[in-house]
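Only one structure is covered here, and it is reproduced in the block below.
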Amino acid sequence: MQKLLLSIFDDWAAELGVGLWLIFALLVVGIAIVVASIVFGILRLIIAWNYWIARKPIASGITGEQAALNVLQRLGITDVKVEMEGFFRALFYNNHYNPSKKTIYLRRTTFYGRNVSAVALAAQKAVLVRQDKEDSAKFRARWRLQQCAVFGPMFFIPLVLIGLVIDLVLTLNGIDFTGIATLIMTAIGLAFFVIAMVLAGLTVSVERRATRETIELLPQTELFQPEEIDKAERVLKTYILAYITDFIIAILKLIQFILKLLLQIFALFTNKDN
(Lines give C-alpha, C1' and ligand atoms only; values in the text may rest on other atoms or scores of the structure.)
Protein backbone atom coordinates (compact mmCIF):
# COMPACT_ATOMS: atom_id res chain seq x y z
CA MET A 1 0.00 0.00 0.00
CA GLN A 2 2.82 2.36 0.92
CA LYS A 3 4.62 1.64 -2.37
CA LEU A 4 1.41 2.21 -4.30
CA LEU A 5 0.85 5.60 -2.68
CA LEU A 6 4.45 6.65 -3.31
CA SER A 7 4.07 5.57 -6.92
CA ILE A 8 0.92 7.68 -7.31
CA PHE A 9 2.65 10.69 -5.74
CA ASP A 10 5.66 10.21 -8.01
CA ASP A 11 3.37 10.15 -11.06
CA TRP A 12 1.65 13.36 -9.94
CA ALA A 13 4.98 15.05 -9.27
CA ALA A 14 6.38 13.97 -12.63
CA GLU A 15 3.27 15.12 -14.47
CA LEU A 16 3.34 18.54 -12.80
CA GLY A 17 7.10 18.84 -12.97
CA VAL A 18 7.49 19.44 -9.24
CA GLY A 19 9.21 17.74 -6.34
CA LEU A 20 7.55 14.90 -4.44
CA TRP A 21 7.99 16.92 -1.23
CA LEU A 22 5.61 19.61 -2.52
CA ILE A 23 2.83 17.12 -3.29
CA PHE A 24 3.33 15.45 0.09
CA ALA A 25 3.34 18.81 1.93
CA LEU A 26 0.07 19.83 0.26
CA LEU A 27 -1.51 16.54 1.30
CA VAL A 28 -0.36 16.86 4.92
CA VAL A 29 -1.54 20.46 5.21
CA GLY A 30 -4.86 19.55 3.59
CA ILE A 31 -5.40 16.77 6.13
CA ALA A 32 -4.41 19.12 8.97
CA ILE A 33 -7.00 21.67 7.78
CA VAL A 34 -9.70 18.99 7.71
CA VAL A 35 -8.77 17.87 11.24
CA ALA A 36 -8.67 21.46 12.51
CA SER A 37 -12.05 22.14 10.88
CA ILE A 38 -13.52 19.11 12.63
CA VAL A 39 -12.12 20.32 15.95
CA PHE A 40 -13.52 23.76 15.20
CA GLY A 41 -16.93 22.21 14.50
CA ILE A 42 -16.81 20.33 17.81
CA LEU A 43 -15.91 23.55 19.62
CA ARG A 44 -18.86 25.26 18.00
CA LEU A 45 -21.09 22.51 19.32
CA ILE A 46 -19.57 22.94 22.80
CA ILE A 47 -20.14 26.70 22.57
CA ALA A 48 -23.75 26.12 21.51
CA TRP A 49 -24.20 23.64 24.39
CA ASN A 50 -22.67 25.99 26.98
CA TYR A 51 -24.71 28.84 25.56
CA TRP A 52 -27.88 26.76 25.76
CA ILE A 53 -27.17 25.72 29.37
CA ALA A 54 -26.56 29.35 30.28
CA ARG A 55 -29.77 30.57 28.63
CA LYS A 56 -31.74 30.15 31.83
CA PRO A 57 -33.13 33.48 33.05
CA ILE A 58 -30.56 35.38 35.08
CA ALA A 59 -31.49 36.08 38.70
CA SER A 60 -30.87 39.84 38.39
CA GLY A 61 -33.25 40.03 35.41
CA ILE A 62 -31.07 42.53 33.51
CA THR A 63 -30.55 42.48 29.74
CA GLY A 64 -27.28 42.38 27.82
CA GLU A 65 -27.67 46.08 27.04
CA GLN A 66 -28.06 46.93 30.72
CA ALA A 67 -25.09 44.73 31.65
CA ALA A 68 -22.82 46.49 29.14
CA LEU A 69 -23.90 49.91 30.41
CA ASN A 70 -23.40 48.75 34.01
CA VAL A 71 -19.83 47.63 33.30
CA LEU A 72 -19.01 50.82 31.35
CA GLN A 73 -20.21 52.90 34.30
CA ARG A 74 -18.16 50.80 36.72
CA LEU A 75 -15.06 51.38 34.55
CA GLY A 76 -15.75 55.12 34.46
CA ILE A 77 -16.39 55.16 30.70
CA THR A 78 -19.12 57.65 29.81
CA ASP A 79 -18.65 58.34 26.08
CA VAL A 80 -19.52 54.87 24.70
CA LYS A 81 -23.02 53.87 23.56
CA VAL A 82 -24.60 50.41 23.41
CA GLU A 83 -26.79 49.63 20.40
CA MET A 84 -28.35 46.63 18.73
CA GLU A 85 -26.77 45.50 15.47
CA GLY A 86 -28.68 46.13 12.27
CA PHE A 87 -29.17 43.45 9.62
CA PHE A 88 -26.17 44.31 7.42
CA ARG A 89 -23.76 44.81 10.33
CA ALA A 90 -24.82 41.44 11.75
CA LEU A 91 -23.89 39.81 8.41
CA PHE A 92 -20.22 40.76 8.80
CA TYR A 93 -19.66 41.11 12.54
CA ASN A 94 -20.56 39.37 15.77
CA ASN A 95 -20.98 41.26 19.04
CA HIS A 96 -18.26 43.90 18.80
CA TYR A 97 -17.03 47.33 19.79
CA ASN A 98 -16.48 49.97 17.10
CA PRO A 99 -13.85 52.45 18.36
CA SER A 100 -14.45 54.94 15.54
CA LYS A 101 -18.14 55.29 16.50
CA LYS A 102 -17.57 54.74 20.22
CA THR A 103 -20.35 52.17 20.17
CA ILE A 104 -20.76 48.60 21.37
CA TYR A 105 -22.93 46.69 18.90
CA LEU A 106 -24.76 43.63 20.22
CA ARG A 107 -26.77 41.01 18.37
CA ARG A 108 -30.50 41.04 19.08
CA THR A 109 -30.31 37.91 21.26
CA THR A 110 -27.49 39.48 23.30
CA PHE A 111 -28.98 42.98 23.44
CA TYR A 112 -32.36 41.84 24.77
CA GLY A 113 -31.19 38.58 26.37
CA ARG A 114 -31.87 38.16 30.10
CA ASN A 115 -29.67 35.09 30.58
CA VAL A 116 -26.13 34.28 31.71
CA SER A 117 -24.71 33.99 28.18
CA ALA A 118 -26.10 37.30 26.94
CA VAL A 119 -25.03 39.21 30.05
CA ALA A 120 -21.54 37.63 30.09
CA LEU A 121 -20.88 38.41 26.41
CA ALA A 122 -22.18 41.96 26.74
CA ALA A 123 -20.01 42.53 29.81
CA GLN A 124 -16.95 41.22 27.97
CA LYS A 125 -17.46 43.68 25.10
CA ALA A 126 -17.78 46.52 27.61
CA VAL A 127 -14.49 45.50 29.26
CA LEU A 128 -12.91 45.40 25.79
CA VAL A 129 -13.45 49.17 25.54
CA ARG A 130 -10.75 49.63 28.19
CA GLN A 131 -8.09 48.61 25.63
CA ASP A 132 -9.30 51.40 23.34
CA LYS A 133 -9.06 53.92 26.20
CA GLU A 134 -5.52 52.74 26.91
CA ASP A 135 -4.69 53.14 23.20
CA SER A 136 -3.54 49.51 23.03
CA ALA A 137 -1.42 48.90 19.90
CA LYS A 138 -2.79 45.38 19.48
CA PHE A 139 -6.37 46.60 19.75
CA ARG A 140 -5.77 49.35 17.17
CA ALA A 141 -4.01 47.00 14.75
CA ARG A 142 -6.77 44.44 15.09
CA TRP A 143 -9.50 46.97 14.34
CA ARG A 144 -7.71 48.25 11.23
CA LEU A 145 -7.03 44.76 9.88
CA GLN A 146 -10.59 43.70 10.65
CA GLN A 147 -11.87 46.06 7.97
CA CYS A 148 -9.62 44.41 5.36
CA ALA A 149 -10.44 40.89 6.54
CA VAL A 150 -14.19 41.51 6.29
CA PHE A 151 -14.20 43.01 2.79
CA GLY A 152 -10.84 41.82 1.40
CA PRO A 153 -11.90 38.27 0.44
CA MET A 154 -14.60 39.77 -1.81
CA PHE A 155 -11.83 40.99 -4.12
CA PHE A 156 -9.92 37.69 -4.23
CA ILE A 157 -11.98 35.92 -6.92
CA PRO A 158 -12.27 39.08 -9.10
CA LEU A 159 -8.46 39.45 -8.96
CA VAL A 160 -7.94 35.86 -10.13
CA LEU A 161 -10.55 36.31 -12.90
CA ILE A 162 -8.78 39.47 -14.06
CA GLY A 163 -5.54 37.48 -14.25
CA LEU A 164 -7.25 34.76 -16.31
CA VAL A 165 -8.67 37.32 -18.73
CA ILE A 166 -5.26 38.97 -19.19
CA ASP A 167 -3.66 35.58 -19.84
CA LEU A 168 -6.37 34.74 -22.38
CA VAL A 169 -5.86 38.05 -24.19
CA LEU A 170 -2.08 37.52 -24.28
CA THR A 171 -2.51 34.00 -25.62
CA LEU A 172 -4.91 35.11 -28.36
CA ASN A 173 -2.32 37.70 -29.41
CA GLY A 174 0.38 35.06 -29.68
CA ILE A 175 2.33 36.10 -26.59
CA ASP A 176 3.69 33.07 -24.78
CA PHE A 177 3.28 34.24 -21.18
CA THR A 178 0.18 32.21 -20.34
CA GLY A 179 -0.27 31.92 -16.59
CA ILE A 180 1.92 34.83 -15.51
CA ALA A 181 -0.93 37.31 -15.01
CA THR A 182 -2.99 34.74 -13.09
CA LEU A 183 0.06 33.99 -10.96
CA ILE A 184 0.61 37.67 -10.17
CA MET A 185 -3.03 38.23 -9.22
CA THR A 186 -3.00 35.07 -7.12
CA ALA A 187 0.10 36.33 -5.33
CA ILE A 188 -1.74 39.58 -4.59
CA GLY A 189 -4.54 37.46 -3.18
CA LEU A 190 -1.99 35.93 -0.82
CA ALA A 191 -2.05 39.21 1.09
CA PHE A 192 -5.62 38.50 2.16
CA PHE A 193 -4.57 35.19 3.71
CA VAL A 194 -1.69 36.89 5.53
CA ILE A 195 -4.06 39.54 6.86
CA ALA A 196 -6.49 36.85 8.02
CA MET A 197 -3.72 35.02 9.87
CA VAL A 198 -2.36 38.16 11.58
CA LEU A 199 -5.90 39.24 12.45
CA ALA A 200 -6.70 35.85 14.00
CA GLY A 201 -3.54 36.08 16.14
CA LEU A 202 -4.36 39.62 17.29
CA THR A 203 -7.95 38.59 18.03
CA VAL A 204 -6.76 35.80 20.32
CA SER A 205 -4.53 38.23 22.23
CA VAL A 206 -7.09 41.06 22.50
CA GLU A 207 -10.07 38.83 23.35
CA ARG A 208 -8.11 36.75 25.87
CA ARG A 209 -7.12 39.86 27.77
CA ALA A 210 -10.69 41.18 27.73
CA THR A 211 -12.03 37.81 28.89
CA ARG A 212 -9.49 37.55 31.71
CA GLU A 213 -10.34 41.07 32.91
CA THR A 214 -14.07 40.31 32.66
CA ILE A 215 -13.73 37.16 34.75
CA GLU A 216 -11.80 39.16 37.38
CA LEU A 217 -14.47 41.88 37.35
CA LEU A 218 -17.62 39.73 37.54
CA PRO A 219 -17.44 38.92 41.28
CA GLN A 220 -17.20 42.65 42.01
CA THR A 221 -20.47 43.43 40.20
CA GLU A 222 -24.10 42.67 40.96
CA LEU A 223 -24.65 41.14 37.52
CA PHE A 224 -24.52 37.51 38.63
CA GLN A 225 -25.34 35.39 41.63
CA PRO A 226 -22.34 33.33 42.88
CA GLU A 227 -23.71 30.14 41.30
CA GLU A 228 -24.09 31.91 37.91
CA ILE A 229 -20.51 33.17 37.70
CA ASP A 230 -19.12 29.70 36.93
CA LYS A 231 -21.47 29.36 33.93
CA ALA A 232 -20.50 32.83 32.71
CA GLU A 233 -16.78 31.98 32.92
CA ARG A 234 -17.36 28.73 31.02
CA VAL A 235 -19.11 30.55 28.18
CA LEU A 236 -16.34 33.15 27.87
CA LYS A 237 -13.49 30.62 28.01
CA THR A 238 -15.13 28.44 25.36
CA TYR A 239 -15.30 31.39 22.98
CA ILE A 240 -11.56 31.94 23.45
CA LEU A 241 -10.93 28.33 22.42
CA ALA A 242 -12.87 29.03 19.23
CA TYR A 243 -10.67 32.10 18.53
CA ILE A 244 -7.54 29.97 19.01
CA THR A 245 -8.87 27.36 16.60
CA ASP A 246 -9.58 30.15 14.08
CA PHE A 247 -5.92 31.19 14.39
CA ILE A 248 -4.64 27.65 13.80
CA ILE A 249 -6.86 27.21 10.75
CA ALA A 250 -5.72 30.61 9.38
CA ILE A 251 -2.06 29.52 9.66
CA LEU A 252 -2.76 26.19 7.93
CA LYS A 253 -4.69 27.87 5.11
CA LEU A 254 -1.85 30.34 4.59
CA ILE A 255 0.64 27.48 4.34
CA GLN A 256 -1.68 25.64 1.96
CA PHE A 257 -2.04 28.71 -0.22
CA ILE A 258 1.73 29.22 -0.38
CA LEU A 259 2.24 25.57 -1.35
CA LYS A 260 -0.39 25.86 -4.07
CA LEU A 261 1.30 29.01 -5.31
CA LEU A 262 4.63 27.17 -5.47
CA LEU A 263 2.91 24.33 -7.32
CA GLN A 264 1.51 26.82 -9.82
CA ILE A 265 4.93 28.42 -10.29
CA PHE A 266 6.68 25.08 -10.85
CA ALA A 267 4.00 23.93 -13.29
CA LEU A 268 4.11 27.23 -15.17
CA PHE A 269 7.86 27.28 -15.70
CA THR A 270 8.02 23.54 -16.42
CA ASN A 271 5.46 23.98 -19.21
CA LYS A 272 7.44 26.92 -20.59
CA ASP A 273 10.61 24.84 -20.69
CA ASN A 274 8.76 22.11 -22.56
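The values are calculated or read from the model by the stated rules, or taken from the named source; none is laboratory data. The structure presented is a predicted model; accordingly, all values stated were derived computationally and were not measured. As a convention, Cβ positions derive from the backbone with ideal geometry for all residues, glycine included, and neighbour counts pool all protein chains shown.
State yes or no: is E213 modelled with pLDDT of 70 or more and outside any helix (DSSP H, G or I)? For E213, the condition - modelled with pLDDT of 70 or more and outside any helix (DSSP H, G or I) - is not met. Annotation: S136 fulfils all but one of (1) without any contact (Cβ under 8 Å) to a residue 12 or more places away in the chain; (2) closer than 19 Å to A200 by Cα; the unmet one is (1). In region 77-100 there is at least one residue that is of a type in the set (F, W, Y) and crowded, with 20+ Cβ neighbours inside 10 Å.
To keep it simple, each residue is scored yes or no on (1) touching a residue at least 60 places away in the same chain (Cβ under 8 Å); (2) buried (at least 20 other Cβ atoms within 10 Å of the Cβ).
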{"position": "L202", "(1), (2)": "yes, yes"}
{"position": "E216", "(1), (2)": "no, no"}
{"position": "E222", "(1), (2)": "yes, no"}
{"position": "I229", "(1), (2)": "no, no"}
{"position": "K237", "(1), (2)": "no, no"}
{"position": "L241", "(1), (2)": "yes, no"}
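In region 86-118, the qualifying residues are those that are in a loop (DSSP other than H, G, I, E, B) and of a type in the set (S, T, Y), and the one that is farthest from A67 (Cα to Cα) is S100.
When I23, I104, I31, I47 are checked against the criterion of being at pLDDT below 75, over 18 Å from the mean Cα position of the chain (by Cα) and closer than 29 Å to I248 by Cα, I23 stands alone in meeting it. Residue count for region 101-148 satisfying the condition of being farther than 23 Å from P226 by Cα and in contact with a His (Cβ under 8 Å, 6 or more places away or on another chain): 2.
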